[in-house]
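This is the structure, below, for whatever I ask next.
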Protein chains: 2
Amino acid sequence: MEATILTIGDELLIGQVIDTNSAWLASQLNEIGITVKTRFSVGDNTDEIRDAIFYATEQSSVVITTGGLGPTSDDRTREVLCTLFESELVENEEVLSHIADFFMQRNLPLTDVNKRQALVPDRAKVLFNRLGTAPGMYFEDAATHIFVLPGVPFEMKEIFSREVVPILKNFTGSGKLIHENIVVSGIGESFLSDLIKPWEQNLPEDVSLAYLPSPGLIRLRLSAFTHSEKAGRGKLKLLFDALRPSIKDYYVSDRDEKLSETLLRELLVAHKTVCTAESCTGGYIAHQFTSVPGSSGAYLGSVVAYSNDVKMNLLKVKEDTLNRFGAVSAETVREMAENARRLLKTDFSIAVSGIAGPDGGTDEKPVGLVYIAVASAKETTVEEFHFGGFRETNIARSGVAAMNMCIKALRKERK
Amino acid sequence: MEATILTIGDELLIGQVIDTNSAWLASQLNEIGITVKTRFSVGDNTDEIRDAIFYATEQSSVVITTGGLGPTSDDRTREVLCTLFESELVENEEVLSHIADFFMQRNLPLTDVNKRQALVPDRAKVLFNRLGTAPGMYFEDAATHIFVLPGVPFEMKEIFSREVVPILKNFTGSGKLIHENIVVSGIGESFLSDLIKPWEQNLPEDVSLAYLPSPGLIRLRLSAFTHSEKAGRGKLKLLFDALRPSIKDYYVSDRDEKLSETLLRELLVAHKTVCTAESCTGGYIAHQFTSVPGSSGAYLGSVVAYSNDVKMNLLKVKEDTLNRFGAVSAETVREMAENARRLLKTDFSIAVSGIAGPDGGTDEKPVGLVYIAVASAKETTVEEFHFGGFRETNIARSGVAAMNMCIKALRKERK
């Protein structure tokens, strides 16, 4: 079964917004064994939306559109669907009552413009939008299935998962694409590729391998389409088991999760807590931790000490240390980590100080130089990193390296 | 003049890679007055690439493709172009010598696979790739202009700017698309739409308006194609001036920038500093500030007090306040803000405490309830917000609301 993804909105054609909905939908469709044949985007223009939906239905039997369902006059998708499916807009009572509730709960008046969102083409099945006011719609026409979803990512994702997936599964049957993962760190993609080539060349034909790199990490993913999830997973795990000895120095985890989730999970199991003291990462690591629901069980807080005064006043870093070695030094991060652990009363602490750039680098301490310390009651480890020239990636890679160091320290103490 | 963007590569259809090339190309084309009609993506499949290029040439007179030009067998774009343009591959000497240099400089052997990249269809004009080995190509066919570029973003961008733009400008002339922006906050899209309808309906035909919402903010953008940038901008600014009185309660800025950039810029101009004390936002606001290069001139640091202990130990919030009113209360954020300002010695401070979810809500204090305080030497302002059910958006909207409150406080004191 093949699908076409059509994203609708002027903002996608002027380069203002990067289309993340398409990538998310593609990965979800793959999960249930549906191949994406084409993805495309058109503006909020009636003729173009009509042509595009028509072209999409010629390409594949499943068409998923996002966007163009808002209440304002520049959102045209519904109007086009009425023409294409010779439908009329009718007020859907359930949707109207949901919209009324939605505005009442927010203490906002319900305007005529908002009420318009309850108008749904009569040939459509409503895909209820729990998180917003624009309902999704499903049109079935001969062997073609058209799903029309709002463009707001979290609304779109919720409707797709709850309403669209069950409908599509009726056609794809019980088969599904399964994945197993191994996350490694501390090795570049081309070196990893050389290292695992003998293993990769012996993978069975029906198993595919993907390298999924992100700053500081590479996720290796094995995928196979299977009708027995248990047997399929067993097979992929055995294949990864054969790989483990050769990558053991780089191994981080075998879950498809963020590094912050790995660390938090292992801290919770061990009943240990952690805090951070951040200079160049400026709250990024704290944000990575606290983005995970339930993180408060192990993560207690951070001192973001962006200025030297804050390093001294709040983190009690000695003025002498800052003067002699500088804010970006092994000595300073060591004090930051040890003091933060003591002040925030945690089992572990992570401290980062570096030169994120673009300015502030010198010959001796160039942009991209980062020191990271991890402290526990037993010991403090300090490492020096050289990440390179980009502020954004320096911050991201510092976060990955810091969490990775803490995972290693925790595992070492639990051995 | 209209363009179609076609991005080629299997990775775009399995959700592994987000297509950023399209958005970049769209914005660049807009700048020189070319409207993007459609964007689409197909996999590395000969038939589909051919169909797609054919469809693209029917859509518009300019077609830009990226990807599928690598040296390996899964890259098919060149082969398709030979068929479409009845061309044969011929070795281009200049490209071959560049490729040989490229490998020599990197101390890498030049393989036959790499040499293949010097083969170019004889009907194509070569668009030289200074940063990589896959050359771009330009085909002119009747009134259709097809530009074929590599998929690696920095190579594609360099070739586009240096080679493609000058060719396209021959057709578009000196005109360009200009934009002016107004950012508003504290009003929903549908209410804003009602509020500005009279103004919107009177906009000239050659000016277009876009609503660009993000959590907690809406950017209104006016665009026009002009041959005199100065006159064009003057016209758009006059139009926005007519709008200002009706949106003055929601006005944030008239720049196309993040809220953190607006606040930091205004703080730097006023020689004022700011710090944060974050509970539910967990470092997100600190990260928003410190993502901006040069932020250290005004942003000094944060205490991320995720646990009550840290609120008491580090931020000196009174135990009595936490016991009587709870961590999520107007009283607690007030103390957090005032104490952080004193401890971090800044002119302004921002404190946030709330229930981000998904757990931790009660009937009295539901998920989405957030208190924000902004303190200065003159006064402390506290506001209560109800953001709703999603952790990610609660955190993002808290950040927007907090920065907005601080912008207002700063502007009030500077009046």
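Where a number appears in this text, it was derived from the coordinates with a stated rule and is not lab data. None of the values given here were measured: they were computed from a predicted structure. A quick note on method: Cβ atoms are made from the backbone with ideal geometry, for glycine too, and the neighbour counts reach across all protein chains shown.
Can you tell me which lysines have their Cα less than 21 Å from the Cα of A:K316? Leave out same-chain residues fewer than eight positions away.
Cα-Cα hits under 21 Å: A:K345, A:K378, B:K311, B:K316, B:K345.
Ranking B:V317, A:V370 by Cβ neighbours within 10 Å, fewest first, what do you get?
A:V370, B:V317
Can you list the aspartates and glutamates whose alpha carbon sits under 18 Å from that of B:K415, skipping same-chain ones fewer than 8 residues off?
Leaving aside aspartates and glutamates fewer than 8 places away in the same chain, those within reach of B:K415 are B:D249, B:E266, B:D347, B:E379.
Okay, next question. Starting from the Kirkwood Rh over alpha-carbon pairs, what translational D in µm² s⁻¹ does the protein assembly as shown have by Stokes-Einstein at 20 °C and 1.002 mPa s?
The Stokes-Einstein estimate is 74 µm²/s.
I want the local charge near B:L322. Using Cβ-Cβ distances under 11 Å, sum +1 for each Lys or Arg and -1 for each Asp or Glu among the other residues.
Within the 11 Å Cβ shell, the charges total -2.
Shortest first, in nm, what separates the label point of B:H386 from those of the same position in the other copies (7 Å along Cα→Cβ)?
5.7
Let me ask something additional. Viscosity 0.890 mPa s, temperature 25 °C: what is the translational diffusion coefficient of chain B from Stokes-Einstein with a Kirkwood Rh over Cα pairs, rounded to a whole number of µm²/s?
In µm²/s, the coefficient is 98.
Run through the other copies and list how far each one's label point is from that of B:L268, in nm with one decimal, shortest first; the point sits 7 Å from Cα along Cα-Cβ.
The projected label point of B:L268 is separated from its counterparts by 4.1 nm.
Hey, another quick one. Reachable lysines from A:K237, Cα under 22 Å, same-chain residues fewer than 8 places away excluded?
Partners within reach: A:K176, A:K197, A:K248, A:K258.
Further, regarding this structure: Would you kindly give the portion of the calculated P(r) for the range A:290-415 that falls above 19 Å, as a percent of all Cα pairs?
48 percent
State, as an integer percentage, the relative contact order of the range A:177-253 based on alpha-carbon contacts under 8 Å between residues 6 or more apart.
47 percent
Going by how many other Cβ atoms sit within 10 Å of their own, how do B:T362, B:T226, B:T172 line up, fewest first?
Lowest to highest Cβ neighbour count: B:T362, B:T172, B:T226.
Would any residue of the range A:217-245 have its amide N under 16 Å from a label point 7 Å out along Cα→Cβ of B:T111? List them or say none.
Taking a point 7 Å out along Cα→Cβ of B:T111, no residue of the range A:217-245 has its backbone N under 16 Å.
Shortest first, in nm, what separates the label point of A:K318 from those of the same position in the other copies (7 Å along Cα→Cβ)?
3.8
A further question on this structure: With r as the distance between the Cβ atoms of B:L119 and B:K197 and R0 = 56 Å, compute the FRET efficiency 1/(1 + (r/R0)^6) and round to 0.05.
The pair B:K197/B:L119 has a calculated efficiency of 0.45.
On to the next question. Would you list A:D10, B:D320 from fewest to most Cβ contacts within 10 Å?
B:D320, A:D10
Take the alpha carbon atoms of the range A:8-162, find their radius of gyration, then divide it by 2.2 N^0.38 Å using N residues; give the quotient.
That ratio works out to 1.01.
Over the range A:2-172, calculate the relative contact order: mean separation of alpha carbon pairs under 8 Å at least 6 apart, over the residue count, as a percent.
22 percent
Between the DSSP loop rule and a limit of at most 11 other Cβ atoms within 10 Å, which GluC sites (Glu not before Pro) in the range A:92-194 are left?
Answer in residue order: no site qualifies.
For B:A242 and A:A242, what is the calculated FRET efficiency with R₀ set at 51 Å and r taken between the beta-carbons, to the nearest 0.05?
Once the sixth-power term is evaluated, E becomes 0.15.
Set Lys and Arg Cβ to +1 and Asp and Glu Cβ to -1, take the dipole of the range A:259-414 about its Cα centre, and tell me which of A:A356, A:S296, A:L322 lies farthest positive.
Of the listed residues, the answer is A:S296.
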